[in-house]
Amino acid sequence: SSASASSANSSAASSASASAAAQSAAAQLNGKWVKASALQATSSSSSAATPVADNAVRVNVVDATTGAAVKSFDFTKTGAQKGTTLGTQAANGAWSLSDADKTALTSQLNDALKGTNYSVSSLSDAQVATLAAGKFGSEVTLKVASSQVAANQVRVTFTDASGKTLGYVTLNRGASDNTPLQTITNAANGTSPVLTSTDKNAVASAYATLLTSANVKGYGVSGLTLQQLNTNNAAFNAAAFGGNINVVVSPEATTPLLGTTTFKDTNSADAITYFENANGKRNTTGQFSAALAADPSLTGANGSTVTVAQLNTALKAQGLDTIYYAVNADKNGVSDRLTQNDLNGNGNPLFNSSLNGTKVTVYKLTVTATNANPAGLFNAQNNATITNTPNSITLTYTQAGHKTLTLNTGAGSNGAADSKTLADFYNNNAQS
């Protein structure tokens, strides 16, 4: 069996012409009245025909499995400034919404979805992250699962004890599956999630595998009572093809997949100790390593798995998919690397005045994680398992280019003084 859908994440909706979208909207209305504030368009292209207000975020809802456009609505907030985000982002990269905004968004979302086969009882963590990162004056694409499950599928929806939906996985019936429980068991790597003893560890791995498929992190069975597990057992045993079951899970202590990350340039034997990330932030390797280890995509309950794709998501979220570092081109060896003692933290000016007259080279590096980079982390299926012992890794970056300039940071400078970041320096000067 295979997972055909998981927790909602942002993706691009397919485009259609404005006139075709209008016809689609008319067809979907099917004679029913829908509030104008709730239904703006039925596709990303038709919504683009109507500019988004500066204090609004347009939410384009798409099917979580197919990506097909469902509905769109504008979420407006008095006093919001264009370009600011709807939610807030923590230092570890996690996005959140205020309780008031979550309530309002859930209500408007369900208003927009009336008359369709879609609804949302509560926003999942992934949906919250998608909406929170949305910017006023722009659009976001929100995945929502259809309430309909195909006759050859069974859906497992995970909730916390309060009933909040955490995520779901829709499983396709295997050719030899006689029952939905068999399909679920096969999806859990052959381990049944039905507890037949009082030992929770007997089903922990099955739950962990299913939770990973549902993209739910930080939850498991260790905090569940036997009564809750028995309720889950009844749900698993009563599962039917074409239907959904709700399974309760409890918060688990999360562990990082990664410990220390070493960042290396493929053209150098020496590790990079100080650099700038894609967001213009300069720091030591230790600080960037800690931020990557704390990224939500790379933490989870003991026994849960992380994919290569999730590592790439974390690298992008932390601005570590592209980095820059600088060297004193008049020197040779690792001692030529510029550090925080050579670069001003506020970038005004970028280089300390003691470097006037010095030839400086800035390197731009990029990386995409693979099964082999970092080496030894992922198995043949591109998965890494979280254990109580975080993994130390080395990420090897490829040079995208380099720029060299003799610094003149005073009046009438040659361009270095105008650079606030190493990225500016790289982009504002000719290739060397």
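Each reported figure results from applying straightforward, stated rules to the coordinates on display, with no laboratory input. The shown structure was predicted, so the numbers you read here are calculated from the model rather than taken from an experiment. Glycine also receives a Cβ, built like all others from the backbone with ideal geometry; neighbour counts cover every protein chain displayed.
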Q | F241 paired with D330, simple spin-label distance in nm, labels 7 Å along Cα-to-beta-carbon | A | 7.7 nm
(Q) Ratio of alpha-carbon Rg to the 2.2 N^0.38 Å globular estimate for the range 216-309, to two decimals, please. (A) 1.64
Q) If you take the Cα atoms of the range 287-339, find Rg, then find the Kirkwood Rh from the mean of 1/r over all pairs, what is Rg/Rh? A) 1.19
Q. Relative contact order for the range 93-207: what is it in percent, counting Cα pairs under 8 Å that are at least 6 residues apart?
A. 16 percent
Q.
Viscosity 1.567 mPa s, temperature 4 °C: what is the translational diffusion coefficient of the range 160-258 from Stokes-Einstein with a Kirkwood Rh over Cα pairs, rounded to a whole number of µm²/s?
A. 94 µm²/s
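Based on the Cβ-Cβ distance from A90 to N178, what FRET efficiency comes out when R0 is 41 Å, to the nearest 0.05? Can you show the working numbers first?
Working: r = 46 Å, r/R0 = 1.13.
That pair, A90 with N178, gives E of 0.35.
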Q. Which percent of Cα-Cα pairs in the range 231-273 sits in each 10 Å bin, short to long?
A. 19, 21, 15, 14, 15, 15
**Q.** Projected-area mean, the range 249-288, by convex hull of Cα positions, square nanometres
**A.** 4.7 nm²
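Only four residue types carry charge here, +1 at the Cβ of Lys and Arg and -1 at the Cβ of Asp and Glu. Report the dipole size of the range 237-326 about the Cα centre in Debye, rounded to the nearest 20. Don't jump to the answer; show the numbers that get you there.
Details: 4 positive and 6 negative charges, 18 e Å.
Dipole magnitude for the range 237-326 comes out near 80 debye.
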Q) Based on the alpha carbon coordinates of the range 79-220, what radius of gyration and maximum Cα-Cα distance (Dmax) apply, in Å? A) 18.0, 58
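Need one number: % antiparallel among DSSP beta bridges in the range 123-276, to the nearest 5.
On the way: 11 of 17 bridges.
Close to 65 percent.
Could you compute Rg(Cα) / (2.2 N^0.38 Å) for the range 104-174, with N its residue count?
1.23
Using Cα-Cα distances under 8 Å and only pairs 6 or more residues apart, what relative contact order does the range 152-231 have, in percent? Show your work: numbers first, answer last.
Values: 92 pairs, mean separation 17.7, N = 80.
Reported relative contact order: 22 percent.
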**Q.** Size of the range 303-390 as Cα extents on the principal axes (Å, biggest first)
**A.** 53, 27, 23
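In whole Å and largest first, what semi-axes does the C-alpha gyration tensor of the range 82-145 yield when each eigenvalue is scaled by 5 and square-rooted?
Details: eigenvalues 90, 33, 22 Å².
Whole-Å semi-axes of the equivalent ellipsoid: 21, 13, 11.
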Q) Semi-axes of the equivalent ellipsoid of the range 206-265: what are they in whole Å, largest first, if each equals the square root of 5 times a C-alpha gyration tensor eigenvalue? A) 32, 15, 7
Q. Working from the pairwise distances between different alpha carbons, so that the mean of 1/r is found and then inverted, what is the range 51-94's Kirkwood radius in Å?
A. 12.4 Å
Q. Across bins of 10 angstrom width beginning at 0, how are the C-alpha pair distances of the range 164-203 distributed, in whole percent?
A. 28, 42, 29, 1
